[in-house]
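Contents: one structure, followed by commentary.
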Amino acid sequence: MPVTLALHGGTPVRQTMLPYGRHWLDDDVAAVVEVLGSDWLTTGPKVAEFERAFADFVGAREAVAVSSGTAALHAAMYALGIGPGDEVIVPAMTFAASANCVVFQGGTPLFADADPETLLLDPAQVEAKITSRTKAIIAVDYTGQPCDYDTLQAIAGRHGLALVADACHALGGSYKGQRVGTLADLNTFSLHPVKHITAGEGGVITTDDPALARRMRVFRNHGITSDHRQREQQGSWFYEMVDLGYNYRLTDFQCALGMNQLRKLPSWVVRRQVIAGRYDAAFAEIPAVELLGVLAEVSHAYHLYVVRLKPDQLEGDRATIFRALRAEGIGVNVHYLPVHLHPFYRERFGTGQGLCPVAEAAYEEIISLPIFPRMSDADVEDAIAAMRKVVEAYLR
Ligand SMILES: Cc1ncc(COP(=O)(O)O)c(C=O)c1O
């Protein structure tokens, strides 16, 4: 008997939409309210406290807090001195900000294709793109799985390039026992509400290089060498702007929120891994659904849970399955349209179809299922039931 799909007036698996990601706040509110009653709403003591706690968590010497993950990437490009004429290799399969940061500095992003199993940056494709103008590689820990950093470090070392980890998906993960946040010269994070921990908006860069950290602290504060609190402590009004910077500061109340969230991070990463394990077991039984590969010796932080829908086994394309799952109350999403296919990049840099065929083919098949720590076991089972129902209805 054919399945009655919600799309055609049948009963949906859920009455309310299960989002693909969601923040979780409880005692955090009190921590924020306390700072709201203090003398410092911004550029106060909570910034340094949060930076220390974040650096200690990942095991890096320095953490620099900024106003978003995008600002973190921009600061990283600035710190490395990326400018006009410089090329930076970036993955095609990522959020646009991973490449935009190069353009902010006047540099040129060169798009490298993905590994077909993991959809992580393919090191062989990276090496093939390197020219005499290449200055850095930005690796993205897509969905929360750390990239193959040993191989990427070896390539960067051979060619004298800086390695940046856009780890916005991977806070709490590790590679060969080493924490994400220590795997590259500069490691960037986002504190957006769908990420592992949130500060409303926010970003962090971790590094073991104090000189790079200093440069980024100046950059986030208009290019000025001292901040308001330091001047107050020194009883001085004098400051100088030594370079063109931005206001990329994170407020004290956001840092209080980030600090409180950080305490819960280890258990939240475990919960994400448990949910992913349940999905893996269920979807391994559905031939039309293909799981992404996971490297040996990584601890995957599962910001996203992405599967591929096999077009040869399904009547409907990804858009059809997407609509059907949404109609069942499952807030699926798609991450990502490869960056080189966005109109901005096509127009500005002449990129287009055929540049990164693995990422382009994957884009037609990928779908992101809900995953966030507060998801109940019943929510997880709803997502699985909806996937089974929809795939069965569209099976060839
Ligand atoms: C891989 C990646 N890099 C960078 C960013 C930018 O972070 P933010 O939204 O905090 O600016 C995101 C955000 O979604 C991301 O997924």
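The values are calculated or read from the model by the stated rules, or taken from the named source; none is laboratory data. Everything numeric in this text was worked out from a predicted model, so none of it was measured. Here Cβ is always computed from backbone atoms with ideal geometry, including for glycine, and neighbour counts include all displayed protein chains. In case anyone asks, the SASA skips ligands and DNA or RNA and just uses the protein heavy atoms, side chains included. Shrake-Rupley method; radii C 1.70, N 1.55, O 1.52, S 1.80 Å.
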Take the residues of the range 299-308 that are touching a Phe, Trp or Tyr at 6+ places or on another chain (Cβ under 9 Å) and away from the ligand (no atom under 16 Å from the Cβ): which is nearest to Arg22 (Cα to Cα)?
Val307
In the range 298-316, is there at least one residue being over 30 Å from Phe219 (Cα atoms), basic (Lys, Arg) and touching a residue at least 24 places away in the same chain (Cβ under 8 Å)?
yes
Filtering helices (runs of 4 or more DSSP H) wholly in the range 318-396 for at least 2 residues that are within 19 Å of Ala276 (Cα to Cα) and touching a residue at least 12 places away in the same chain (Cβ under 8 Å) gives 377-394
Would you check which residues across the range 90-109 are aliphatic (A, V, I, L, M) and crowded, with 24+ Cβ neighbours inside 10 Å and list them?
Val90, Ala92, Met93, Ala99, Val102
Taking the range 1-32 only, how many residues are in contact (Cβ under 8 Å) with a residue 60 or more places away in the chain and exposed (fewer than 13 other Cβ atoms within 10 Å of the Cβ)?
4
Of everything in the range 115-126, what is open to solvent by 60 Å² or more (accessible area, probe 1.4 Å) and over 11 Å from Val90 (Cα atoms)? Give them in sequence order.
Pro116, Glu117, Ala124
Checked Val58, Val35, Val47, Val66 against criteria (within 16 Å of the ligand (Cβ to nearest atom) and either at pLDDT below 95 or open to solvent by less than 50 Å² (accessible area, probe 1.4 Å) (or both)); the one match is Val66
Which condition number does Thr207 fail, the rest of (1) surrounded by 24 or more Cβ atoms within 10 Å (Cβ to Cβ); (2) within 16 Å of the ligand (Cβ to nearest atom); (3) of a type in the set (Ser, Thr, Tyr) being met?
(2)
Counting only residues in the range 299-325 that are of a type outside the set (Val, Ile, Thr) and closer than 10 Å to Val390 by Cβ, the one most open to solvent (accessible area, probe 1.4 Å) is identified as Arg323
How many residues are open to solvent by less than 30 Å² (accessible area, probe 1.4 Å), closer than 18 Å to Gly59 by Cβ and either of a type in the set (S, T, N, Q) or within 16 Å of the ligand (Cβ to nearest atom) (or both) when one looks only at the range 169-181?
7
Take Pro193 and tell me if it is within 12 Å of the ligand (Cβ to nearest atom) and open to solvent by 10 Å² or more (accessible area, probe 1.4 Å).
yes
Regarding the range 75-84, can at least one residue be identified that is within 12 Å of Val204 (Cβ to Cβ), of a type in the set (A, V, I, L, M, F, W, C), buried (at least 23 other Cβ atoms within 10 Å of the Cβ) and under 25 Å from the mean Cα position of the chain (by Cα)?
yes
Any idea how many residues of the range 128-156 are part of a helix (DSSP H, G or I), surrounded by fewer than 24 Cβ atoms within 10 Å (Cβ to Cβ) and either in contact (Cβ under 8 Å) with a residue 60 or more places away in the chain or out of contact with any Leu (no Cβ under 7 Å at 6 or more places or on another chain) (or both)?
5
Pick from the range 98-110 the residues that are free of Cβ contacts under 8 Å to residues at least 60 places away in the same chain and either near the ligand (Cβ under 9 Å from one of its atoms) or not hydrophobic (A, V, I, L, M, F, W, C) (or both): which of them is nearest to His74 (Cα to Cα)?
Cys101
Looking only at the range 84-93, decide whether some residue is without any contact (Cβ under 8 Å) to a residue 12 or more places away in the chain and either closer than 30 Å to Gly331 by Cα or in a loop (DSSP other than H, G, I, E, B) (or both).
no
Can we say Asn187 is more than 16 Å from the ligand (Cβ to nearest atom) and open to solvent by less than 20 Å² (accessible area, probe 1.4 Å)?
no
